[in-house]
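The values are calculated or read from the model by the stated rules, or taken from the named source; none is laboratory data. Bear in mind the structure is a predicted one, so any value in this text is a computation, not a measurement. Cβ: placed from backbone, ideal geometry, glycine included. Neighbour counts: every protein chain shown. These area figures cover heavy atoms from the full protein model, side chains too; ligands, DNA and RNA do not enter into them. Shrake-Rupley method; radii C 1.70, N 1.55, O 1.52, S 1.80 Å.
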Amino acid sequence: MNERISAASRHLLATLTRWATLQRNRVSLLAALLCLQAATGAQALGTGSFVRMDGGAGVVLAADGRAAPLLVSSGDFAGVLRAARDLQRDIGKVSGATPAWRTGAAPMAGDVIIAGTLGRHPLIDRLSKEGKIDAAHLAGQWEGFLIQAVADPMPGVKRALVIAGSDKRGTIYGLYTLSEQIGVSPWHWWADVPIPSHRALSVPLATRVTDKPVVQYRGIFLNDEAPALTNWAKERFGGFNRQFYEKLFELMLRLRANYLWPAMWYSSFYDDDQGNGELADMMGIVMGTSHHEPMMRAQQEWHRHGKGAWDYQHNGATLREFWAGGLRNTRNYESVITMAMRGDGDEPMSESANVGLLERIVSDQRDLIRQEWQREPETVPQLWALYKEVQDYYEKGMRVPDDMLLLWCDDNWGNIRRLPTAEERKRSGGAGVYYHFDYVGVPRSYKWLNVTQIGKVWEQMNLANEYGANRMWIANVGDLKPMEVPTEFFLAYAWNPAAWPAEGLPGYLRQWAAREFGTQHADRIAAIVDRYTRYNARRRPEQLAADTYSLVNYDEAEGVLADYTALADEAQRIGKALPKAMRDAYFQLVEYPVRASANALDLYVSAGRNQLYARQGRVSTNDMAARVRRLFQHDAELARQYQQGISGGKWNHMMSQTRFGYTNWDQPYRDVMPAVSELRIPEPGQLAAPNGIHPSDRMGVAVDGNPVAWPVFPIRQLVLPALDRYERKPRHIELFNRSGTPFDYTISTSQPWLKISHPAGRVSKDQRIAVDVDWEAVPPGVTEAELTVRGPDKANVVVKVPVHARAERVAGYVETGGVVAIEAEHYTRALAPAGAALADNSRLRPHAVRCDGDARRGAGPLATGRHAPGVRRASV
């Protein structure tokens, strides 16, 4: 453990040093990118743009209503030919001219696109042999590809753009890279991102792009997929069949993913459609089963066909035959086999399970692999997922053969629990990470919306990569649709972590926004996505409650809600400003998650106010109850717009995940509106107090920082939080009506330097009044003042106002509100080992990986500490 902690500290310091160094180059880098984007349209993510849309010189892919032919080999992989057909259609949609499909050696003239796999495309092999393309390094690579412009590649052809892959997926990734470069978003079907029109497409002759992945297996897990994805798939495709998976596999390949744990709550990949496995293998997707479904068999298959208990100690023979069937069904397909065993239904094993039993299970499973696949187990990719209590077995001494991949897991909330030690990094099977954007389980599930900051993903997966847990990365993406942004970033970062250093994350979001919605609003859209995920990370929508944010202290609930409401308004304004063709995609990817999240927060804050107001006897209690009902209905209206109002109803059911009314960890059966109270207001002329007219019949007074309002029995002195010279933050009182009749009030002060925003007026329901100090006029050493509120029926309320009028100069940080808060960059000296330095956090703060200044809004008192001007800073 000490080794891991000290190594992590060294890694953090080294990372911060890189941040500081790279920051200095940021301005010149951005300038260069902007120049390039002006010609290319800033279409690509992660790969430098190389396709021009301005008719520039080079290999002409399309111009003047004609497109370069696409030359493939009939002997290439079927998955490659399918992806090439996608490229052919993509070029046609972008340029208006569809490339001719060529597979033979027929004479051609002009420019041409040549695409294929080394060893399966004779022309590419010849170009490599002749040295016209630099493909020698591709041989033997895992999923590598080359995109190169070539002059005079063959008789009669002036120029060619060659796309060569080291293997099937390498070629496919190269083909889809060109599709993205010409402007086709990977999400063009899955999020209705419109395909732009560019009549001229060309690639400069100097173009040479090579790429290959860092993480070998990059995958997603469709999990917790009911009700939303399940019902959508049933309605649109008839279930999780080959029609559904063809759409999913294409998206994955466009995102450079290669590995899938399929939907499994109520479905079985191989059992539901016999063509699913064949399709995955043809298209190039490596299949697995989830962390608790061993030996290529789905949990549902056991529920459908299994006999007896899911208990290896007492039903081992039955389970071995069941697992052997899974291996027989998949022996011809590329797979990574999940090994070992958990309890049925993703539960822990029984208490009788022990390390010896689990090691015997793994040994027997490897014997089955040898028996059914006629291969030695060490030649077959396998993983052991160290999820929840399974990691405890490992820590207690359970071991598996070194050739098995150890899949470390996060804590279900985005924090990786453990990474490999130096000794563990020597294992031949390597290590990986199972990560969550969605979770079902204790203490509370979260499934509805994206709550994941890409900065958080970067921080965790950067550690994973640095510590060698980079053989496999797989993310639980839930229903997929609400998680588009973190899913793509996760896969892009897995492909090449070096492409996205910490200070490049804002640039990532800007490029993403520009690709999907154009450059005009890209900065603002990127900022919205960054902020709403940050706001949701404070508290996931499913975790919200009426008392999540304080209604009386630090203006917390009010400030958090104001931030989110302003963000939702901004998102809506941009949506209206976008071209009509982009609005459906924008609603799915940006506007809906922002507005739905803001609405959910408003719903619970309003429910909290309703409860507080009811305790205080405010007539506006009923207004808050009505507001809660409107917001609950508005949530349904937003979901209806997503499901039926956009894209011709294409996404019906996709936002049907319940989110309100949690009483335990599991999702509620139906959405339940937060409980509200209603106040019975006396009619005019009717007395509320039992002993006749009383000031409490009409006026109430509440003070900042206290849920208890006047009148209260026994009588308590109302006291405002202190006004402080260093903090200089006003306080407030609220006058509220407890009847149906407006009343007049006046406020007087004991000192002329005590300032009141509304010293007199009429209150129908509620009136907030700011209380502040003229600090230039207040005498030094004053500790208290008073204000007196006079209202109806001889009401007379005195409020104490503590004043900290400190005049002395102080060194360091000043306590306010009982708290001293010091931001990290305000240090006196930084202690770092030789060769490392602490980066300037004040410059890092604007980036996505940061300790956010405005995020402190939800931190209550931590936002109140103040630094005395011109004094020495504290050491940390």
Original post:
For segment 379-452, what mean projected area does the convex hull of the alpha carbons give, in nm²?
Top reply: 5.9
Original post:
On a 0 to 90 degree scale, rounded to 10, what angle separates helix 621-640 from the longest Cα axis of the chain?
Top reply: 10
Original post:
What part of the accessible area of the chain, given as a whole %, is carbon or sulfur when the probe is 1.4 angstrom?
Top reply: 50
Original post:
Want the number for A581 to D623: 0.36 nm per residue separation, take away the alpha-carbon distance, what's left?
Top reply: 11.2 nm
**OP:** Excluding residues on the same chain fewer than 8 positions from K580, give the aspartates and glutamates whose Cα lies under 16 Å from its Cα.
**Re:** D192, E516, E591
Original post:
For V712 and N553, what does the FRET efficiency come to when R0 = 30 Å and r is the distance between their Cβ atoms, rounded to the nearest 0.05?
Top reply: 0.95
**OP:** Enter the Cα centre distance for the pair segment 386-459 and segment 171-215, rounded to the nearest angstrom.
**Re:** 32
Subject >> Normalised per residue, the volume of the convex hull around the Cα set of segment 579-641 (Å³) >> reply: 71
**OP:** Note down the net charge around T621, summing +1 for each Lys or Arg and -1 for each Asp or Glu among other residues with Cβ under 14 Å from its Cβ.
**Re:** +4
**OP:** Take the Cα atoms of segment 547-663, find their three principal axes, and give me the spread along each one in whole Å, biggest first.
**Re:** 50, 26, 24
Original post:
Quick one: Kirkwood hydrodynamic radius for segment 83-145, alpha-carbon pairs, angstrom, one decimal?
Top reply: 13.5
**OP:** Could you size up the charge dipole of the chain around its Cα centre, putting +1 on the beta carbon of Lys and Arg and -1 on that of Asp and Glu, and report it in debye to the nearest 20?
**Re:** 1580
Original post:
Over all pairs of distinct alpha carbons, what does the Kirkwood formula give as the hydrodynamic radius of segment 117-208, in Å?
Top reply: 14.3
Subject >> Cα-based helix-to-principal-axis angle, 592-616 vs the chain, degrees rounded to 10 >> reply: 20
Original post:
Accessible area of R790, 1.4 Å probe, to the nearest 10 Å²?
Top reply: 110
Original post:
Where does the chain land on Rg(C-alpha)/(2.2 N^0.38 Å)?
Top reply: 1.10
Subject >> log₁₀ of I(q)/I(0) at q = 0.14 Å⁻¹ - segment 270-349, Debye sum with one point per alpha carbon >> reply: -0.45
**OP:** Quick one: compute the contact order of the chain, relative version, from alpha carbon pairs under 8 angstrom and 6+ residues apart, as a percent.
**Re:** 10
Original post:
About its Cα centre, what dipole magnitude does segment 187-250 give when the only charges are +1 on Lys and Arg Cβ and -1 on Asp and Glu Cβ, stated in debye to the nearest 20?
Top reply: 300
**OP:** Could you tally the net charge around P213, taking each other residue with its Cβ under 10 Å from the Cβ of P213, Lys/Arg +1 and Asp/Glu -1?
**Re:** +2
Original post:
Measuring with a 1.4 Å probe in the full set of protein chains, what accessible area per residue, in whole Å², belongs to the chain?
Top reply: 40
**OP:** Take the Cβ-Cβ distance between D666 and Q572 as r, set R0 to 51 Å, and report the resulting FRET efficiency rounded to the nearest 0.05.
**Re:** 0.95
Original post:
Put a dot 7 Å past each Cα toward the Cβ at E678 and R236; how far apart are the dots in nm?
Top reply: 4.2
Subject >> Scaled radius of gyration (Cα, divided by 2.2 N^0.38 Å) that segment 582-741 gives >> reply: 1.41
Original post:
If each of E466 and V819 carries a label point 7 Å out from its Cα toward its Cβ, how far apart are those two points in nm?
Top reply: 2.9
Original post:
If you take the C-alpha gyration tensor of segment 416-543, multiply each eigenvalue by 5 and take the square root, what semi-axes do you get, largest first, in whole Å?
Top reply: 27, 20, 11
Original post:
Where Rh denotes the Kirkwood radius from the mean inverse Cα pair distance, what is Rg over Rh for segment 757-831?
Top reply: 1.15
Subject >> Helix 505-517 axis, angle to the chain major axis (alpha carbon atoms, nearest 10°) >> reply: 70
Original post:
Calculated FRET efficiency, S764 and V798, Cβ-Cβ r, R0 25 Å, to nearest 0.05?
Top reply: 0.55
Subject >> Among G140, L118, P99 - extreme Cα towards positive end, dipole of segment 85-160, charges at beta-carbon >> reply: P99
**OP:** Give K481/K650; K576/K650; K234/K307; K388/K456; K212/K481 a once-over and call out the pairs whose C-alpha atoms are over 23 Å from each other.
**Re:** K234/K307; K212/K481
Subject >> Longest to shortest principal axis, alpha-carbon extents of segment 707-827, angstrom >> reply: 56, 30, 26
